[in-house]
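Single-structure report; data block below.
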Amino acid sequence: MTLRVLVCDDQALVRAGFAKLIEARDGLTVVGEAADGAQAVDAARRLLPDVVLMDIRMPVLDGISATSRIVAALDTRVRVLVLTTFGTDEYVADALRAGASGFLLKDAPPEQLVAAIRVVARGEAMLDPAVTRSVIKAAVRQGAGAHSQSARLGELTERETQTLELIARGLSNTEIADRLVVSEATVKTHVGHLFMKLGARDRVQAVIFAYESGLVDLG
């Protein structure tokens with residue numbers, strides 16, 4: 001299956017560069033481009049891409065607001081991958097709260113961008129390791145805190161809680177299965193259940209919840 005990508009950036013040369021890179025890869029195609037957030041929302045609704053590459057700082061409507069509107073309108077049918085640079089951690093944290101499925105540095109190697117598109121399209125999270133910790137800290141500072149999250153955390157079973165902690169520590173489903181000595185299918189079941197109980201749409205929101213609730217220490 002060919003993954004359909006919408007490229008959103010206010011710089012024409014940047015859009016062209018990303019589009020050329022994506023089109024050169026098997027199984028990926030660019031279905032549209034947008035020069036501002038309003039165009040991005042409209043194009044996402046019309047074209048229903050699998051993944052939206054979203055710049056944060058754009059005219060008319062910023063990438064954070066555009067992400068929120070796309071997620072609200074299209075839910076899991078369209079995934080948003082935020083493109084960022086160093087120094088914008090607060091903005092990235094806002095974007096993740098708006099429903100983005102991950103973030104990647106704009107100067108990431110081409111193969112990392114391609115891999116990120118594929119990961120996000122599968123419904124998983126893509127968090128660039130170069131800035132993950134600072135972004136999570138920013139998200140937690142803006143969050144509701146452990147007290148308001150404790151009730152939802154208490155709804156998880158012991159196994160689901162263990163799974164959430166390992167997700168927050170960056171382990172994949174395969175690694176979690178090895179750690180808990182269970183099948184990968186069982187891990188996927190635990191992940192699905194904890195997402196539902198926490199109201200999380202993907203691993204990004206689950207990770208933020210794990211830190212906000214105090215389940216995982218920022219230290």
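The values are calculated or read from the model by the stated rules, or taken from the named source; none is laboratory data. All values derive from a computational prediction rather than experimental measurement. Cβ atoms come from the backbone with ideal geometry, glycine included; neighbour counts cover every protein chain shown. For accessibility, only protein heavy atoms count, side chains too; no ligands or nucleic acids. Shrake-Rupley method; radii C 1.70, N 1.55, O 1.52, S 1.80 Å.
So what's the back-of-envelope 222 nm ellipticity for the chain, counting only DSSP H runs of four-plus at -39500 (n - 2.57) apiece and dividing by all residues, rounded to 500? List each step's numbers first, then the result.
Details: 11 runs with 121 residues, N = 219.
Helix-only estimate at 222 nm: -16500 deg cm²/dmol.
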Q: Taking the Cβ of Asp75 as the centre, find all other residues whose Cβ is under 13 Å away and add up their charges (Lys, Arg: +1; Asp, Glu: -1).
A: +4
**Q.** Surface per residue (accessible, 1.4 Å probe) for the chain, Å²
**A.** 46
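May I have the count of lysine pairs in the chain with C-alpha atoms under 27 Å apart, counting pairs 8 or more residues apart or located on different chains? Walk me through the intermediate numbers first.
Numbers: Lys20/Lys106; Lys106/Lys137; Lys137/Lys188; Lys137/Lys197; Lys188/Lys197.
Taking the Cα cut-off of 27 Å, the pair count is 5.
If you add up the charges near Ile22, with Lys and Arg at +1 and Asp and Glu at -1, over every other residue whose beta carbon is less than 14 angstrom from its beta carbon, what do you get? Show your work: numbers first, answer last.
Numbers: positive: Arg4, Arg15, Lys20, Arg25, Arg118; negative: Asp9, Glu23, Asp26, Glu33, Asp50, Glu111.
Result for the neighbourhood of Ile22: -1.
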Q) Ignoring any ligand, DNA or RNA, what whole percent of the accessible area of the stretch 1-109 comes from carbon and sulfur when the probe is 1.4 angstrom? A) 51
